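Comments concern the structure below.
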Amino acid sequence: MDQILFALLNGAIYGLLLFMVSAGLTLIFGMMGVLNFAHASFYMLGAYLAYTLQPLTGFWLAIILAPLIVAGLGILVERVILRRVHAYGHAHELLVTFGLSVVIAEIIKIFYGNFPVEYRVPAELQFSAFEIGGGSYPFYRLFMGGVALMMFALLYLMLTRTRIGIVVRSAIYRPRMVEALGHNVPMVFMGVFGVGAFLAGLAGAVAGAFYTTNPNMALELGVMVFVVVVVGGLGSLGGAMIASLLIGVVTSLAVGVKVSIASLLDFIGLGDLARDVGGIFVLELSSVAATLPFFLMLLVLLARPSGLLGEKE
Amino acid sequence: MTLKRSLLVLAVVAVLAVLPYLVSESMTNAAIQMLIAALFASAFSLLCGQAGMLSFGHAAYFGLGSFAAVHAMNAFNGEGLLPTPLIPLAGAGIGLLAGIGAGWFSTKRAGVYFAMITLALAELLHALAPHLKDTFGGEAGISSFRMAAWGFDFGSTIQVYYLVLAWVVGSILLLYLLTLTPFGRLTLGLRENTHRLRFLGYNTHALGTAVFTISAMFAGIAGSLQAVNIEAANYVVFDAGISTTVVLNSFIGGVGTFFGPAIGAAVMTFFGHVTSDMTRTWLLYQGLIFVLVMMFLPRGIVGEAAEWLKNRKSRHLAIGPLFFRLAGLVLIAFGAIAAIELAQRFFSSDYKATVSLGNWPPVTFLGREWLPFAATTWIVPLALLGAGVALTLIVNRHTAKAAGEA
C-alpha cells in the first residue's frame, strides 16, 4: 500500500514535469503552428546551464538564471532562424528545429562529454519530507512538483486574467484580426516562444539535479513529450495536463508490477505454452514500463485519433 | 526521363560497375556504405518527398531488415530457399509486414502528428529490443556468416560490393518506375491535396498505408544489405541517430527531386567516412549543414542545382558576386571548423586527463600546436568566421543595390 502511494506521488510529480515541457510545446504549436522539435533541447540546455552556473552563483540563482538564458536563446532561435524559414511552410520549420536539436545535442557533447555530468541536488535540500511505513520521501521531489504547480498557476492566471493573456489567446485564433486591432503579433509570438523556452529550461534546471543530466535527456524526454501531446491533443493545455499526469502515474505504477503476458494467460491455461515460446510473452511489465506510454498512445490513436481533448481536424 | 538524363544515369551506373578496380579496398568499403545509404534515403524520400509524410523513425524498418537478414543467414546457411544473394528478400518481407502495421497506425494522422507517431514507434522498438534477447541478441547483438552461393564465395569486399550494387540499382530503378505509374501520381496527390483525393473517391488512409509500406520495405532491403555487409546486427541499429541521419541526408540532397536524397546520402556518407579519422563530431557538421541548407537552400543542394540548370538560359550568371559568396562561404567554413575542432580538443576527457595543476599543454590541429589561453588560438577562427560573414553581407547588400538600380 505504501509503495503504491509512493509510486502515485512519484508518477504525479514526473507528470507535472512532463507538463511543464509539453505546456510550452503545445502553446507554441497552438499559436504559430510550429512543432518545435528543439523544445526538449531547451530542457536539456536548462539542466546543463544550471549545472555550469551552480558553482559560481549557488543553486538558487542558477535555477533562475539558467531558464532566463534559455529563454533568450529561444527568442534568438525564433527571430533569426524560424522567421527566415517561415515562408517555406510549417514542414520546413519543423525540420529546421529538428536540425537544431541535433546541433544542440552535439555541442553539449563537445563541451560536457557524451556521459552524465555530476549535477546533484544541493545538500541543504537533501532531507526527507515525511515518512510512511518506514519509507522516507525526499523533499526535493515535492519541491519539483511545487515549482511545476506554481508555474501552471502563474501561466493560467496570466492567460485568463490579464490583458496580455487576452491578446495571446486571441492571436491563436485570429492573428490577422489581432494585428489589425493594433497589437504587435510577431512580438507576441516571440514572447510566447520565449516563455515556452523558459518553462522548458526551468524544468530542466530543477529536474536535471534529481534525474540524470546527460546528452540523451533531450531525446528521452522529447519522445515522452510528443506522446503527451498526441494523447492529450495538440494545442490543448488541459489535454496536455491530463495526458502528462496519466503517463507519469502509469509508468511509475508499472515499475512495481511483476506481470507478464504468460502469467495473464495462466488464467485460461495457456501460460506454460506461452512460457515455452518465450520472447515477448515472458517479459515482465516492470522491465518494459518505459514502453507503456507508447502503447497508450497507440490505444488513443485507435479510439480517439484527435487526442483526449483535441479538436476534430 | 529525358534522353540526356537517362544517359547521365547510365554513365553513373557504368562508373559504379568498374569502381572496385579503380579504388582501394577501404574506398570500396566506403562505396558499399554509400550505396546502402543512398537506397535508404531513396526509400525514405518516397514517403517524405513524394507523399509529404515526414517520418522520424525510419531506423525501425532499416533495423528490422538488418535483423531479418541475420536470422535468415543463420537459418538457411546460404542454401535452400534463401541463398546469400537473395537474403535481402528477408529484409524486404519483414519491412513490408512492419510497414503495414506501423503505416496503418501512423497514417491515421497527417502532418506533425504523423512525424511524432513514427518517432514514438521507433523509440518503442528501441526500448523493447534489448529486452528481447532471443530475437535481437541483447547488448551483444547477433552475428552471422556470408555463405558461398551461386558460385561466389562472398569472401572479398568486391563480391559484396557487386551484390550490394545490384540490389541498390535494382531497388532504386523500381522506386523510379513506381513514380511513373498512376500509383506514383496518387502519391504526389497525397502530398499536394489529401482532401481533394478523398473527394475524388480515393481511400487516402489505405493509400498512405501502401506508400508507407513500400517505403518501409525498401528501407528493410537497405538494412539487410547492411547486415550482409557487416555480417552482424545489433539493437543499436534502432537508434534515433540512424533515423536522424537519413532525414538530414535526404533534405541536404533535396527531397523534391528523385535522385537528390540518394546523392545527398552518398555524398554525406562519403565525407563521414573520409573525416572519421579527423573529427569525432561529424554529426555536428551534418546538423549545421542541414540547418544552413534548410535556411538558405530550401530545395536542398541537388534541388537548387537542378532549378538553376533549368533556368540558366533565362538568367545571366553573375560571376563576380558568385565568386565573393563562395569565398565568404569558404572563410566561414574554415573559421567554424577551426573553432569546433579546437573546442572539441580542449574539452575532451583525454585533454582533461593530461592537464595537471597550472599546466595546460597545447593540442595539435592541422599540424600546429595551439595553447588553450593563447590569444591566437581563438582569434584566428573567430576572425575567419567574422570575415566570412562580413564578406557575405557586403556582397548581399551590393547585389541588392544593383538589383534595385536595374
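The values are calculated or read from the model by the stated rules, or taken from the named source; none is laboratory data. These numbers were taken from a predicted model, which means no experiment stands behind them. Here Cβ is always computed from backbone atoms with ideal geometry, including for glycine, and neighbour counts include all displayed protein chains.
Structure summary
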{"item": "Filter result (surrounded by fewer than 11 Cβ atoms within 10 Å (Cβ to Cβ) and of a type in the set (S, T, N, Q)) within the stretch A:130-162", "result": "A:Thr160"}
{"item": "Any hit, the stretch B:355-373, residues being modelled with pLDDT under 75, within 30 Å of B:Ala262 (Cα to Cα) and of a type in the set (A, V, I, L, M, F, W, C)", "result": "no"}
{"item": "Test: residue in the stretch B:240-247 that is more than 13 Å from every other protein chain (Cβ to nearest Cβ), in a helix (DSSP H, G or I) and hydroxyl-bearing (Ser, Thr, Tyr)", "result": "no"}
{"item": "Test result for B:Ser171, within 24 Å of B:Ser66 (Cβ to Cβ), of a type in the set (S, T, N, Q) and over 25 Å from the mean Cα position of the chain (by Cα)", "result": "no"}
{"item": "Of the criteria (1) more than 20 Å from the chain's Cα centre (by Cα); (2) surrounded by 18 or more Cβ atoms within 10 Å (Cβ to Cβ); (3) at pLDDT 85 or above, which one A:Gly182 fails", "result": "(2)"}
{"item": "Any chance A:Val192 is under 23 Å from A:Leu45 (Cα atoms), at pLDDT 85 or above and among the aliphatic types (A, V, I, L, M)", "result": "yes"}
{"item": "Failed item, numbered, when B:Val112 is tested on (1) surrounded by 19 or more Cβ atoms within 10 Å (Cβ to Cβ); (2) part of a helix (DSSP H, G or I); (3) more than 9 Å from every other protein chain (Cβ to nearest Cβ)", "result": "(3)"}
{"item": "Which numbered condition B:Phe105 fails, given (1) within 14 Å of chain A (Cβ to nearest Cβ); (2) closer than 14 Å to B:Leu47 by Cβ", "result": "(2)"}
{"item": "Qualifying residue in the stretch B:205-228 (condition: surrounded by 19 or more Cβ atoms within 10 Å (Cβ to Cβ), in contact (Cβ under 8 Å) with a residue 12 or more places away in the chain, outside any helix (DSSP H, G or I) and among the aliphatic types (A, V, I, L, M))", "result": "no"}
{"item": "Selected residue (only one of A:Ile28, A:Ile13, A:Ile64 is within 16 Å of the chain's Cα centre (by Cα), modelled with pLDDT of 85 or more and within 17 Å of A:Met151 (Cα to Cα))", "result": "A:Ile13"}
{"item": "Selected residue (only one of A:Ala153, A:Ala243 is in a helix (DSSP H, G or I) and within 15 Å of the chain's Cα centre (by Cα))", "result": "A:Ala243"}
{"item": "A:Leu25 vs. criteria in contact with a helix residue (DSSP H, G or I) (Cβ under 8 Å, 6 or more places away or on another chain) and surrounded by fewer than 24 Cβ atoms within 10 Å (Cβ to Cβ)", "result": "no"}
{"item": "Residues within the stretch A:156-167 that are over 22 Å from the mean Cα position of the chain (by Cα) and part of a helix (DSSP H, G or I), tallied", "result": "7"}
{"item": "Residues of the stretch B:35-58 satisfying the condition of being modelled with pLDDT of 90 or more and of a type in the set (A, V, I, L, M, F, W, C)", "result": "B:Leu35, B:Ile36, B:Ala37, B:Ala38, B:Leu39, B:Phe40, B:Ala41, B:Ala43, B:Phe44"}
{"item": "Leading residue by the ranking (surrounded by the most Cβ atoms within 10 Å (Cβ to Cβ)) among those in the stretch B:69-89 that are assigned to a helix (DSSP H, G or I) and touching a Ser or Thr at 6+ places or on another chain (Cβ under 6 Å)", "result": "B:Pro88"}
{"item": "Hey, B:Ala266 farther than 29 Å from B:Glu307 by Cα, of a type in the set (A, V, I, L, M, F, W, C), away from chain A (no Cβ under 14 Å) and in a helix (DSSP H, G or I) or not", "result": "no"}
{"item": "Every residue from the stretch B:25-49 that is crowded, with 24+ Cβ neighbours inside 10 Å and farther than 20 Å from B:Ala92 by Cα", "result": "B:Gly49"}
{"item": "Qualifying position, being away from chain A (no Cβ under 14 Å), surrounded by 12 or more Cβ atoms within 10 Å (Cβ to Cβ) and modelled with pLDDT of 70 or more, among B:Ile332, B:Ile379, B:Ile337, B:Ile289", "result": "B:Ile332"}
{"item": "Residues (away from chain A (no Cβ under 14 Å) and not in a helix (DSSP H, G or I)) located in the stretch B:229-239", "result": "B:Glu231, B:Ala232, B:Ala233, B:Asn234"}
{"item": "Search result, residues across the stretch B:247-286 that are of a type in the set (Gly, Ala, Ser), under 14 Å from B:Cys48 (Cβ atoms) and either surrounded by fewer than 23 Cβ atoms within 10 Å (Cβ to Cβ) or in the same structural domain as B:Val330 (by TED's automatic domain parsing) (or both)", "result": "B:Gly256"}
{"item": "Candidates B:Tyr235, B:Tyr202 - the one that is among the aromatic types (Phe, Trp, Tyr) and modelled with pLDDT of 85 or more", "result": "B:Tyr202"}
{"item": "Residue within the stretch A:114-125 that is buried (at least 19 other Cβ atoms within 10 Å of the Cβ) and more than 23 Å from A:Gly33 (Cα to Cα) present", "result": "yes"}
{"item": "Residue check for A:Gly99: farther than 30 Å from B:Tyr113 by Cβ, among the small types (Gly, Ala, Ser) and surrounded by 13 or more Cβ atoms within 10 Å (Cβ to Cβ)", "result": "no"}
{"item": "Entirely in the stretch A:1-120, the helices (runs of 4 or more DSSP H) that have 2 or more residues that are within 10 Å of chain B (Cβ to nearest Cβ)", "result": "A:90-112"}
{"item": "Any hit, the stretch B:278-289, residues being among the polar types (S, T, N, Q) and outside any loop (DSSP other than H, G, I, E, B)", "result": "yes"}
{"item": "Test: A:Tyr173 is more than 30 Å from A:Pro116 (Cβ to Cβ) and not charged (D, E, K, R)", "result": "yes"}
{"item": "Positions within the stretch B:136-191 being free of Cβ contacts under 8 Å to residues at least 12 places away in the same chain and not in a helix (DSSP H, G or I), in sequence order", "result": "B:Gly151, B:Asp153, B:Gly155, B:Ser156, B:Thr181"}
{"item": "Failed condition for A:Arg84, given (1) over 21 Å from the mean Cα position of the chain (by Cα); (2) more than 30 Å from B:Val293 (Cα to Cα); (3) charged (D, E, K, R)", "result": "(2)"}
{"item": "Search result, residues across the stretch B:119-129 that are in contact (Cβ under 8 Å) with a residue 24 or more places away in the chain and facing chain A (nearest Cβ under 10 Å)", "result": "B:Leu119, B:Ala120, B:Leu121, B:Ala122, B:Glu123, B:Leu125, B:His126"}
{"item": "Matching residues in the stretch B:48-97 - criterion: being among the aliphatic types (A, V, I, L, M) and within 14 Å of chain A (Cβ to nearest Cβ)", "result": "B:Ala51, B:Met53, B:Leu54, B:Ala59, B:Ala60"}
